[in-house]
């Protein structure tokens, strides 16, 4: 179900364009409104506790791999693309989780492809964003835009370093992921100890919602959006707390996060 990084994506997009007789419309990338970012990065602790794992499809997968660090801090390597609807969903959870350990600057907003499954899903883009943290290093790579290129694929945006590409080639394949989702994006390597491949909740819950509607729903623990986004963010937070030796206490001292930590491999 997840979108593969290479040939499968290009062929699928080309067929979709041919079937629809058009090239689709691209959403411009623009600066994320500060009020929107504030809503997403200040989820009340009561919501975290009521949601728990919510409707997250599972925990980050534990792996036995060399540690990913920089300057003594765990590295979080994200590989995605702006057209990708599953990346669109996962970015909401990633912003919620990572904001518990640091601060984002220059986040953008955009939409996923208009001609893919879950079209025009409102989301953030990590392209051009920076992340400051005393606990973690965040390395995002947005491979392609949501603009269709002349070859039927999407226009290239960023290129992984050889090391980042090696992470995908090594860990985004069996036995670390199911064969049906090999080479899928989003791919997230968490400090060399955990990984995420594909969206970790149902992206359908975001369909038809504006970015502000999604952000507002996050503070309602009974909403499907909150159960998906915050639930996925909580499972990711548990893995990040493992990497940071349960610091900061504001994130890792939460009893809900500690309970999720106990379930990690």
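Some points to look at:
- Helices (runs of 4 or more DSSP H) (entirely within region 1-111) containing at least 2 residues that are modelled with pLDDT under 95, out of contact with any helix residue (DSSP H, G or I) (no Cβ under 9 Å at 6 or more places or on another chain) and exposed (fewer than 14 other Cβ atoms within 10 Å of the Cβ): 7-20
- Number of the exception - residue 243 against (1) touching a helix residue (DSSP H, G or I) at 6+ places or on another chain (Cβ under 9 Å); (2) surrounded by 23 or more Cβ atoms within 10 Å (Cβ to Cβ): (1)
- In region 132-151, the residues that are outside any strand (DSSP E or B), in contact with a strand residue (DSSP E or B) (Cβ under 9 Å, 6 or more places away or on another chain), touching a residue at least 24 places away in the same chain (Cβ under 8 Å) and farther than 30 Å from residue 246 by Cβ: 143
- Any hit, region 249-258, residues being crowded, with 17+ Cβ neighbours inside 10 Å and in contact with a strand residue (DSSP E or B) (Cβ under 7 Å, 6 or more places away or on another chain): no
- Some residue of region 152-167 being farther than 19 Å from residue 42 by Cβ, assigned to a strand (DSSP E or B), within 18 Å of the chain's Cα centre (by Cα) and in contact (Cβ under 8 Å) with a residue 24 or more places away in the chain: no
- Residue check, residue 230 closer than 19 Å to residue 121 by Cα and either under 15 Å from the mean Cα position of the chain (by Cα) or not in a strand (DSSP E or B) (or both): yes
- Residues that are modelled with pLDDT under 95 and not in a helix (DSSP H, G or I) within region 176-196 comprise 176, 177, 178, 182, 183, 184, listed in sequence order.
- Residue match in region 202-210 (condition: in contact with a helix residue (DSSP H, G or I) (Cβ under 9 Å, 6 or more places away or on another chain), within 24 Å of residue 175 (Cβ to Cβ), in contact (Cβ under 8 Å) with a residue 24 or more places away in the chain and assigned to a helix (DSSP H, G or I)): no
- Screening residue 158 on (1) farther than 20 Å from residue 73 by Cβ; (2) surrounded by 23 or more Cβ atoms within 10 Å (Cβ to Cβ) shows it passes everything except condition (2).
- Cβ-Cβ contacts under 8 Å between residues 6 or more apart (or on different chains), taken from a first residue in region 60-81 that is touching a residue at least 60 places away in the same chain (Cβ under 8 Å) to a second residue that is part of a strand (DSSP E or B) and surrounded by fewer than 16 Cβ atoms within 10 Å (Cβ to Cβ), are listed as 75/69.
- Condition broken by residue 221, with the remaining ones in (1) out of contact with any strand residue (DSSP E or B) (no Cβ under 8 Å at 6 or more places or on another chain); (2) farther than 23 Å from residue 88 by Cα; (3) in contact (Cβ under 8 Å) with a residue 60 or more places away in the chain; (4) part of a loop (DSSP other than H, G, I, E, B) satisfied: (2)
The values are calculated or read from the model by the stated rules, or taken from the named source; none is laboratory data. Keep in mind that what you see is a predicted model, and the values were worked out from it rather than measured. Neighbour counts are summed over all protein chains in view; Cβ atoms, including those assigned to glycine, are modelled from backbone coordinates with ideal geometry.
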